[in-house]
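Read the structure below first, then the notes.
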Amino acid sequence: MIAATPKPPYYAVIFSSIAAENKDEYGFMAEKMVDLVKQQAGYLGHESARNEIGITVSYWDSLESIKKWKLISEHLVAQQMGRDKWYAAYKVRICLVERDYSFDSSLF
């Protein structure tokens, strides 16, 4: 599903990753993080896809909201487990969304 975001400006955090061989407990933790992030002030939604490279884009109302999310204790544990077990590599990019537009064929 495509996230319903507000009128720009807002922020996007792009998390690109390559999975490691060890995926023990990954699915459980990923579900836990989705439940947790939805409770965070400033969270606007997210989109995720995985093939050879996993990409998750989360949307936020401010840089402060992004910083607070990064520092939540359960999220810090997930980040460490990701480095230790689940990811061979990852990169995080934080962007200001200045413009967006869309198309939805179901509206026609």
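Within the group Ile66, Ile55, which residue is among the β-branched types (Val, Ile, Thr), within 18 Å of Ser16 (Cβ to Cβ), surrounded by fewer than 16 Cβ atoms within 10 Å (Cβ to Cβ) and in contact with a Phe, Trp or Tyr (Cβ under 9 Å, 6 or more places away or on another chain)? Only one candidate qualifies: Ile55. Only strands (runs of 3 or more DSSP E) whose full extent lies in segment 27-108 are considered here, and the ones with at least 1 residues that are charged (D, E, K, R), farther than 21 Å from Tyr10 by Cα and at pLDDT below 95 are 43-50.
With respect to being out of contact with any strand residue (DSSP E or B) (no Cβ under 6 Å at 6 or more places or on another chain), hydroxyl-bearing (Ser, Thr, Tyr) and touching a residue at least 40 places away in the same chain (Cβ under 8 Å), Ser62 fits the description. Taking the listed residues Val92, Val34, the one that is exposed (fewer than 15 other Cβ atoms within 10 Å of the Cβ) and closer than 27 Å to Ser106 by Cβ is Val34, with no other qualifying. Just so you know, in segment 5-26 the residues that are outside any strand (DSSP E or B) and at pLDDT 95 or above include one that is nearest to the chain's Cα centre (by Cα), and it is Thr5.
The values are calculated or read from the model by the stated rules, or taken from the named source; none is laboratory data. Computed from a predicted structure; not experimentally measured. Cβ atoms come from the backbone with ideal geometry, glycine included; neighbour counts cover every protein chain shown.
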